[in-house]
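Before any comments, here is the structure.
The values are calculated or read from the model by the stated rules, or taken from the named source; none is laboratory data. The structure displayed is predicted, hence computed values, not measured ones. For neighbour counting, all protein chains shown are included, and Cβ atoms are generated from backbone atoms with ideal geometry for every residue, glycine included.
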Ligand SMILES: Nc1nc2c(c(=O)[nH]1)N[C@H]1C(S)=C(S)[C@@H](COP(=O)(O)OP(=O)(O)OC[C@H]3O[C@@H](n4cnc5c(=O)[nH]c(N)nc54)[C@H](O)[C@@H]3O)O[C@H]1N2
Ligand SMILES: Nc1nc2c(c(=O)[nH]1)N[C@H]1C(S)=C(S)[C@@H](COP(=O)(O)OP(=O)(O)OC[C@H]3O[C@@H](n4cnc5c(=O)[nH]c(N)nc54)[C@H](O)[C@@H]3O)O[C@H]1N2
Ligand SMILES: [Mo]
């Protein structure tokens, strides 16, 4: 190892964003001489590349990869994942399910399990697949749920599960995702592409050209710590420069957010507090000012957009509700004074303005509308396609905006069966049910099979599911309204979970298979999901713990049961696959970037493609809207969409509109019963539910062993709550315990519990008190609208009080109750 731990730490301490995303723990782990033996191995992860010191068959120490100048604190959670008391140790089968085999639905979730051998477990899994295909049909099996499986192109576990299932028979799949369900559905009608996962204008051009940057419900400093593939954290170098420019008044950054979030605190930028879920009224008020003060770009609207007049009719109060969307009207709802709304509008057109929208604002009821409306504002400003101007929906995600090298990354293990292969059961009769359903509507399927719902211009018939298989996702964290899904889950005959952590999903399953972690297998990954910075060798650090196996091995062994092992593996081993993915990438880059032979790469552990080229989103469209037409029906930006209008939906009409929410704080519906808005944003020190099982790391943020709830001190005072107190948070859907953290960063009436907190009910009853603090105990399971049918997690009101009862132990962690 060229770089010593000490010199690395010195390097880290010198960089401000690094200290912000926090090496606090890195510095505290003392490295005595005796603790320096072993071998250093490189690997990658969602939270970045790192080197691990392995000694005595154990990971002793983790340090960031030298190329990563802004490593995240989360690297300190890795060891705790591998050595978590919540590891799935053995193949386990739920006792009552096994004994009674009438599915024993009523005791599902009681966490009583029997240890079985791998062969027994896989035989049972196979038996259940056979039952489904023989007694029911492909409509009764759902294998489509996806999630944030660990990184690594070969071991991508969802692909393994789906390929294996695909060799057996057909099953129900999903469309969309929890992240951007509303955004990715509405934006193709407006801007011609989903936008959310598109490369954005490069940060260097933004730093050079922008006068204003609007962070609209957007917290990049928090959210860029993780990436979909191995994260490089290059974005933080730009954020450091932005901080300087804010301090020097060269760029005016405004956060529009009910919370002074981590980014705003880091950049020390202007804060525009806004009432939760009221971005659309605020934006309509701004549009009213831009129009009536004649500040908008008429030429841009005429040249590049369609349907402005219809929309302005709505703003002027001439159509629909016949209410003029004046700043005064907006102010009543969004809580921003009319004068501030006017100032904000004038600022937008004073110089070059880049709007960067986060994803949380579309994870709420009618989440399509703020996304559409923000595009309309950007069109009125008229800078779409200019460097440092326009709109982006992803600068907080996976390094979007870091210039891309354009070199190919390795492909992944195939999710689909190979061409020419057929499943054992070829029956594709879905019995009138839909074979693909919107991702967040599967609980609806369990509760109301056969129900017809509207969905993005078509009709979906919810299937009558009997069996679900989960791999690389944790529905008992990611789905909304725990108690509703608890009831729904009981209608399933068989649930299979494949995981390395004993999550609430495992607890609610019938067959649980122990996968190994990424630290226990070899793999390859792209470095930088969008920047294409290079490749990382993901070295196996230690042997699989207990009886865990890689997803590849698990699924390959399963397919043996119907004679498809060779078809599944193509006769290749783990390292042969890793090499073949590398070779495929090498081939793809031939003539552009000469990659070394696999062995040389593997030995070095890292390949650097260098830095990328700067780029402006939508520049080609701006240059020539005829030749480079957008993917919308007209080819233009559709401020009014005839296609959407023709769908005839109530909550997504022909242009963006304000729809009142079913629950809204600050005087809105439901706020008398439960006055506080609960936002369940993405965790600062986890990736969803991942790493929650990492005990020491979790202890760095918990309060009395519970998940924090962030509360404004004034709100806390009215309830006699002090910092560090236990709080019972509740509404008509559920209740949980959390630990109070009082902070002025949250506006009065706003509380946050981060998503991904493990669910640990006090007992297995519907409505039970959750002892750790999973916010989805409280959220609503309602669609955004008939269009996207996406999750609305952030439309949620709660009450809270100081908890004074006997304090129950946390039940979320530690694995199953093993019954011999
Ligand atoms: N209230 C609320 N809820 C939300 C959100 C919100 O903002 N608020 N956000 C939503 C969003 S955007 C998302 S993306 C989802 C995330 O939802 P998920 O993707 O389901 O969340 P994760 O916690 O990442 O779950 C991944 C699971 O896969 C397991 N796993 C990881 N790697 C492997 C592997 O290699 N093999 C196997 N077999 N298992 C593996 C992990 O241990 C973990 O249990 O949550 C959604 N839920
Ligand atoms: N550390 C970390 N980073 C992550 C993840 C993680 O789990 N951990 N998950 C990744 C994934 S899968 C996703 S989908 C993204 C999520 O990315 P986002 O959905 O953008 O992230 P959030 O943290 O939920 O919310 C961002 C900001 O929106 C604000 N906000 C919420 N509601 C409103 C509103 O009604 N109006 C306004 N104006 N602002 C609002 C919040 O206060 C917060 O500051 O993050 C990715 N990055
Ligand atoms: Mo997400």
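List of remarks:
- Qualifying residues in the stretch 475-495 (those that are under 16 Å from residue 511 (Cβ atoms) and under 17 Å from the mean Cα position of the chain (by Cα)) - the one surrounded by the fewest Cβ atoms within 10 Å (Cβ to Cβ): 475
- Residues satisfying the stated conditions in the stretch 709-724, i.e. surrounded by 22 or more Cβ atoms within 10 Å (Cβ to Cβ) and in contact (Cβ under 8 Å) with a residue 40 or more places away in the chain: 709, 711
- Residue within the stretch 680-694 that is surrounded by fewer than 21 Cβ atoms within 10 Å (Cβ to Cβ), within 16 Å of ligand 3 (Cβ to nearest atom) and not in a loop (DSSP other than H, G, I, E, B) present: yes
- Filter result (within 14 Å of ligand 1 (Cβ to nearest atom) and within 21 Å of residue 427 (Cα to Cα)) within the stretch 165-188: 165, 174
- Output for the stretch 332-355, where each listed residue is surrounded by fewer than 24 Cβ atoms within 10 Å (Cβ to Cβ) and either under 22 Å from residue 651 (Cβ atoms) or within 14 Å of ligand 2 (Cβ to nearest atom) (or both): 332, 333, 335, 336, 344
- In the condition set (1) surrounded by fewer than 20 Cβ atoms within 10 Å (Cβ to Cβ); (2) out of contact with any helix residue (DSSP H, G or I) (no Cβ under 8 Å at 6 or more places or on another chain); (3) under 27 Å from residue 61 (Cα atoms), residue 528 is compliant with all but (1).
- Across the stretch 726-744, the qualifying residues are those that are buried (at least 19 other Cβ atoms within 10 Å of the Cβ) and not in a strand (DSSP E or B), and the one among them that is farthest from ligand 3 (Cβ to nearest atom) is 731.
- Residue match in the stretch 203-214 (condition: at pLDDT 95 or above, under 19 Å from the mean Cα position of the chain (by Cα) and not in a helix (DSSP H, G or I)): no
- Those helices (runs of 4 or more DSSP H) of the stretch 585-669 in which 2 or more residues are without any contact (Cβ under 8 Å) to a residue 40 or more places away in the chain and under 19 Å from residue 186 (Cα atoms) occupy 642-647.
- Comparison of 469, 402 shows that the only residue that is within 16 Å of ligand 1 (Cβ to nearest atom), at pLDDT 95 or above and buried (at least 23 other Cβ atoms within 10 Å of the Cβ) is 469.
- Test result for residue 766, more than 16 Å from ligand 2 (Cβ to nearest atom) and in contact with a helix residue (DSSP H, G or I) (Cβ under 6 Å, 6 or more places away or on another chain): yes
- Single residue of the stretch 165-202 satisfying the filter (over 30 Å from residue 567 (Cα atoms), part of a loop (DSSP other than H, G, I, E, B) and more than 18 Å from the chain's Cα centre (by Cα)) that is nearest to ligand 2 (Cβ to nearest atom): 200
- Residue check, residue 787 under 27 Å from the mean Cα position of the chain (by Cα) and either buried (at least 21 other Cβ atoms within 10 Å of the Cβ) or closer than 30 Å to residue 370 by Cβ (or both): yes
- Count of residues meeting criterion [outside any loop (DSSP other than H, G, I, E, B) and touching a residue at least 24 places away in the same chain (Cβ under 8 Å)] in the stretch 99-118: 8
- Subset of the stretch 698-708 (residues that are within 14 Å of ligand 2 (Cβ to nearest atom) and buried (at least 24 other Cβ atoms within 10 Å of the Cβ)): 707
- Unique match (being touching a residue at least 24 places away in the same chain (Cβ under 8 Å) and more than 16 Å from ligand 1 (Cβ to nearest atom)) among 263, 319: 263
- The lone criterion from (1) closer than 25 Å to residue 379 by Cβ; (2) within 15 Å of ligand 3 (Cβ to nearest atom) left unmet by residue 174 is number (1).
- For the stretch 282-329, a residue qualifies if it is surrounded by fewer than 15 Cβ atoms within 10 Å (Cβ to Cβ) and on the phi > 0 side of the Ramachandran plot, and the qualifying residues are 294, 320, 322.
- Considered as a group, the residues in the stretch 506-523 that are in a helix (DSSP H, G or I) and buried (at least 24 other Cβ atoms within 10 Å of the Cβ) include one that is nearest to ligand 2 (Cβ to nearest atom), and that residue is 518.
- Taking the criterion of being in a helix (DSSP H, G or I), within 14 Å of ligand 1 (Cβ to nearest atom), under 19 Å from residue 426 (Cβ atoms) and touching a helix residue (DSSP H, G or I) at 6+ places or on another chain (Cβ under 8 Å), the residues of the stretch 119-164 that qualify are 163, 164.
- Scope the stretch 455-465; condition surrounded by fewer than 22 Cβ atoms within 10 Å (Cβ to Cβ), part of a loop (DSSP other than H, G, I, E, B) and in contact with a strand residue (DSSP E or B) (Cβ under 9 Å, 6 or more places away or on another chain); matching residues: 456
- Count - residues of the stretch 773-807 that are in contact with a strand residue (DSSP E or B) (Cβ under 7 Å, 6 or more places away or on another chain), on the phi < 0 side of the Ramachandran plot, part of a loop (DSSP other than H, G, I, E, B) and more than 16 Å from ligand 3 (Cβ to nearest atom): 6
- Of all residues in the stretch 223-264, exactly one satisfies the criterion of being within 16 Å of ligand 3 (Cβ to nearest atom) and in a helix (DSSP H, G or I), namely 223.
- Within the stretch 265-281, considering residues that are touching a strand residue (DSSP E or B) at 6+ places or on another chain (Cβ under 6 Å) and outside any strand (DSSP E or B), the one surrounded by the most Cβ atoms within 10 Å (Cβ to Cβ): 276
- Here residue 218 passes the criteria (1) within 16 Å of ligand 3 (Cβ to nearest atom); (2) crowded, with 23+ Cβ neighbours inside 10 Å; (3) over 15 Å from the mean Cα position of the chain (by Cα); (4) in a loop (DSSP other than H, G, I, E, B) except the one numbered (3).
- Conditions (1) within 18 Å of the chain's Cα centre (by Cα); (2) surrounded by 24 or more Cβ atoms within 10 Å (Cβ to Cβ); (3) more than 25 Å from residue 384 (Cβ to Cβ): number failed by residue 155: (1)
- Test: residue in the stretch 611-625 that is surrounded by fewer than 14 Cβ atoms within 10 Å (Cβ to Cβ) and closer than 30 Å to residue 315 by Cα: yes
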